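Novice: Quick one: structure below, then a few questions.
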Amino acid sequence: MGDLIITMGYLLVHFAMCLVLARSFTVLRTERGIFLFHAVSFVLTTLGATCAIWIFAVFPWSFLALVIGLHGIYSLSFLELWSLTQGSYSLSLVARVGAEEDGATLPQLLVLSSLGETKQATRESHLVKLGLLVPVAPGEAPQLTFFGAICARTFRAVLLLSNGRMLNP
Amino acid sequence: MNWLLTALACGLGCIAVHAILRRVQSQRNAVVTFGLTALVGGAVLLALTGREYGWTSGPVQGALALYFFGCELYTFMFTFVIGSISAWILMNALRPGAASVRSESDAPQHVGMVETRLARLCQVGFLGKRGDRYFLSAPGKIVAGAYHLLRWCFAHDLAAATAGRGQRPA
């Protein structure tokens, strides 16, 4: 039980730091900043746990699985919620409907279609920056890089496996 | 290391069962279906490893943590692929003769994106429709409350104010 308490204690401290520091440091209010804050912590705790097991033989190997599993669950949940509340299309619609006292009509909600337009333009430039899309002139057909094609095929396989239907046209 | 292999087998089994269930009962919510499948898989993993190593032992905790992390990762993957604009742009580029995402036909596309999402929000019960007006249902009100609370916690409003944009269109 000691392993579990140590891991949970560390994650609680990390969570509190995320909430407190985000109010003081602008960098933790950006997608990249908050992602790095979690990714660096994940890598360091994994290395720390490996050292504690391998070099100092303080814990069994299952401790490493516990650290990776719990930190992974925590970071993934945190980042998903962070990202959803930052710019989710569906949640923006829910909040917009909630803001109207007598409910919202379709024309009122269609104002949010500009959000899709902005998101699409920014996402495309993000994908180019990440090296997944080849930069092309506006109006030209998008081209995938090698890694972009791997990502796209993986996504298609997941879609096929889960028998999902895409929300985007 | 039997616990690690058992966790892996349960995870893969869970994905396979979900794939079958989605084809048999495609109308059911994919996330709820996977959540229930993952819980059953977790119970099987607990039974298999608990009997061998002891119910509260390190290997059981490690196996369960890894298994549920894998399940969450898979849920994230398929919900991301279904709803993410980035995933759509990448998969769209795979199609031969794919049009640019910034083509002239964008406006109707975005209108379609709003309508598809509204239909889905009504389907999952967060929104209701009375005449031509959409309104929040009881679960929708909880979601909207949680949305505003989390935006405050993550300092998103502070970020929007700093950027001089005010709140995002909400």
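Computed from the coordinates by the stated procedures, all read-outs in this text should not be read as laboratory data. Please read these numbers as outputs of a predicted model, since none were measured by experiment. A quick note on method: Cβ atoms are made from the backbone with ideal geometry, for glycine too, and the neighbour counts reach across all protein chains shown.
Novice: Using only Cα atoms, find the angle between the long axis of helix A:2-24 and the longest principal axis of chain A, and express it within 0 to 90 degrees, rounded to the nearest 10.
Specialist: Taking Cα atoms only, the helix is inclined about 40 degrees.
Novice: Which whole number in µm²/s is D for region A:2-87 by Stokes-Einstein, with the Kirkwood Rh taken over Cα pairs at 4 °C and 1.567 mPa s?
Specialist: Numbers: Rh = 13.7 Å.
D = 95 µm²/s.
Novice: Ranked highest first by the average count of other Cβ atoms within 10 Å around their residues, in what order do A:55-65, B:8-18 fall?
Specialist: Details: A:55-65: 16.3, B:8-18: 18.0.
Put in order of decreasing packing, that is B:8-18, A:55-65.
Novice: Between the alpha-carbon centers of region B:140-161 and region B:56-78, tell me the distance in whole angstrom.
Specialist: One Cα centre to the other: 28 Å.
Novice: What percentage of all Cα-Cα pairs in region B:2-89 are separated by more than 16 Å? Numbers along the way, then the final one.
Specialist: Numbers: 2060 of 3828 pairs.
Above the 16 Å cut-off, region B:2-89 has 54 percent of its Cα pairs.
Novice: Pulled fully out, how much extra length does the chain show between B:Leu8 and B:Ala43, if you take 0.36 nm times their separation in residues and subtract their Cα-Cα distance?
Specialist: Working: separation 35, 0.36 × 35 = 12.60 nm, distance 1.41 nm.
This chain segment gains 11.2 nm when fully extended.
Novice: What are the ³J(HN,Hα) values, in whole Hz, obtained from phi via the Karplus relation 6.51 cos²θ - 1.76 cosθ + 1.60 with θ = phi - 60°, for each residue of region B:39-46 in sequence order, with x given for Gly and Pro?
Specialist: 5, 5, x, x, 5, 5, 4, 4
Novice: Oh, and also: What average number of partner chain Cβ atoms lie no more than 10 Å from the Cβ of the residues making up A:44-55? Could the numbers behind the result be given before it?
Specialist: Numbers: counts 0, 0, 0, 0, 0, 0, 0, 0, 0, 0, 0, 0.
Taking the mean over all residues of the peptide, I get 0.
Novice: Using only helices, what value at 222 nm comes out for chain A when you add -39,500 (n - 2.57) per DSSP H run of length 4 or more and divide by the total residues, to the nearest 500 deg cm²/dmol? Don't skip to the answer; put the middle values down first.
Specialist: Numbers: 7 runs with 121 residues, N = 169.
Only helices count here, giving -24000 deg cm²/dmol.
Novice: Ignore the peptide's own chain and count Cβ atoms of other chains within 10 Å of each Cβ in A:137-143; give me the average, rounded. List each step's numbers first, then the result.
Specialist: Working: counts 1, 4, 5, 4, 10, 11, 2.
Neighbouring Cβ atoms belonging to other protein chains average 5 per residue here.
Novice: So if the hydrodynamic radius of region A:91-161 is defined as the Kirkwood radius over C-alpha pairs, what does Stokes-Einstein give as its diffusion coefficient at 4 °C and 1.567 mPa s, in µm² per second? Walk me through the numbers before you get to the answer.
Specialist: Numbers: Rh = 14.8 Å.
For these conditions, the coefficient is 87 µm²/s.
Novice: Here's another thing I want to ask about it. So what are the ³J(HN,Hα) numbers for region A:45-52, from phi and the Karplus equation (6.51, -1.76, 1.60; θ = phi - 60°), rounded to whole Hz, Gly and Pro as x?
Specialist: Using θ = phi - 60°, the values come out as 5, 5, 5, x, 5, 4, 4, 4 Hz.
Novice: What is the distance in Å between the Cα centroid of region B:1-18 and that of region A:64-135?
Specialist: One Cα centre to the other: 31 Å.
Novice: With n ≥ 4 as the cut-off for DSSP H runs, can you work out [θ] at 222 nm for chain B, using -39500 (n - 2.57) per run divided by the number of residues, rounded to the nearest 500? Could the numbers behind the result be given before it?
Specialist: On the way: 7 runs with 125 residues, N = 170.
Taken over chain B, the calculation gives -25000 deg cm²/dmol.
Novice: Tell me, rounded to the nearest percent, the portion of alpha carbon pairs in the protein assembly as shown spaced more than 28 Å apart. List each step's numbers first, then the result.
Specialist: Working: 29647 of 57291 pairs.
Counting pairs separated by more than 28 Å, the tail of P(r) holds 52 percent.
Novice: What is the set of long-range amide H partners of B:Leu127 at a cut-off below 5 Å, with H atoms built 1.01 Å from backbone N?
Specialist: Close amide H contacts, sequence-distant or interchain: B:Cys122, B:Ser137.
Novice: Round to the nearest 10 and give me the degree value, 0 to 90, for the angle of helix B:58-83's Cα axis relative to the longest principal axis of chain B.
Specialist: 30 degrees
Novice: Skipping prolines and chain starts, which residues have an amide H placed within reach, meaning under 5 Å, of the one on A:Val134, given they are 5 or more residues away or on another chain?
Specialist: A:Gln143, A:Leu144, A:Thr145
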